[in-house]
1. Taking the beta-carbon count within 10 Å as an exposure proxy, list 150, 80 from fewest neighbours to most.
2. How high is the relative contact order of the chain, given as a whole-number percent (alpha carbon pairs under 8 Å, six or more residues apart)?
3. What is the order of 82, 186, 223, fewest Cβ neighbours within 10 Å to most?
4. Shape call for segment 126-283 from the C-alpha gyration tensor, a ≥ b ≥ c root eigenvalues: rounded (a/c under 1.5), prolate (a/b greater than b/c) or oblate?
5. If neighbour count is taken as other Cβ atoms inside 10 Å, put 208, 253, 91 in order from fewest to most.
6. Checking the a/c ratio against 1.5 first, then a/b against b/c, what shape does the Cα gyration tensor give for the chain?
7. Can you give the calculated 222 nm mean residue ellipticity of the chain, where each DSSP H run of n ≥ 4 adds -39,500 (n - 2.57) and the sum is split over every residue, rounded to the nearest 500 deg cm²/dmol?
8. Restricting the count to DSSP beta bridges whose residues both fall in the chain, what percent are antiparallel, rounded to a multiple of 5?
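FYI, it's all coordinate maths here, none of it is from the lab. Everything quoted here is computed from the prediction, not taken from an experiment. A quick note on method: Cβ atoms are made from the backbone with ideal geometry, for glycine too, and the neighbour counts reach across all protein chains shown.
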């Protein structure tokens, strides 16, 4: 199948949220809808190779452009406002028929952490997959920027993934990244610090009174992630929320952005997880 890409908008909280839709050739989705949430200052099209790889396997992907910074009048400035905006947008996508209720959700970085809140939606996604989500220990703004510079350096010189492919990804995505930054730098910079507000205790309260959630959830993270300093406490924290939860370290993936470079592996991991949730709950 040859994937196609188109754009529309969803109205949430009085804002027009841009939405990218990637679907198999002919507009059919024999394997169903998937929701994708992008990372900080990214755009869904930064993940175009990955989303087209997944769409080529028969899925239809709905990817709203949420944070930071998509030109909304009131862009989100901390983690929980990102989650609230995502919830309202998903509800709007359900209401207008763009996204099938219960469609599995996956996300990267900030989007991955937001995905872990979606099990409390009504109706919830059938499964939740977070790829290198931010943690409560996410860096302070200056350290975040230095980590970003090191991440891009690793990618450019092939220290994280195959160099030629990594450079192509950087060349395509960097203009959008900086455009997102400079559209409203105050909001973008504030969100860096605001990501530290994500905490497992608050996530537990977010899910109350229906703990633990029966939605299968999984976290994948690369061993060299610049923004994922430790898995300590994460598994225990998320097991307080999810009845079925897996934490998997990908030993060969030496970057926060591994899924943008290793698109086939990322798609394989997603398919493997979804197949497992169809045959029965994870661990």
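1. Working: 150 13, 80 18.
The fewest-first ordering by Cβ neighbours comes to 150, 80.
2. Values: 580 pairs, mean separation 54.3, N = 283.
Relative contact order comes out at 19 percent.
3. Working: 82 28, 186 10, 223 13.
In increasing order of surrounding Cβ atoms, one gets 186, 223, 82.
4. Values: a/c = 2.10, a/b = 1.32, b/c = 1.59.
Judged from the Cα gyration tensor, segment 126-283 comes out oblate (a/c at least 1.5, b/c at or above a/b).
5. Values: 208 9, 253 25, 91 16.
Final ranking by Cβ density, sparse to dense: 208, 91, 253.
6. Details: a/c = 1.14, a/b = 1.08, b/c = 1.06.
Verdict is rounded for the chain.
7. -12000 deg cm²/dmol
8. Once the DSSP bridges in the chain are tallied, antiparallel ones form about 40 percent.
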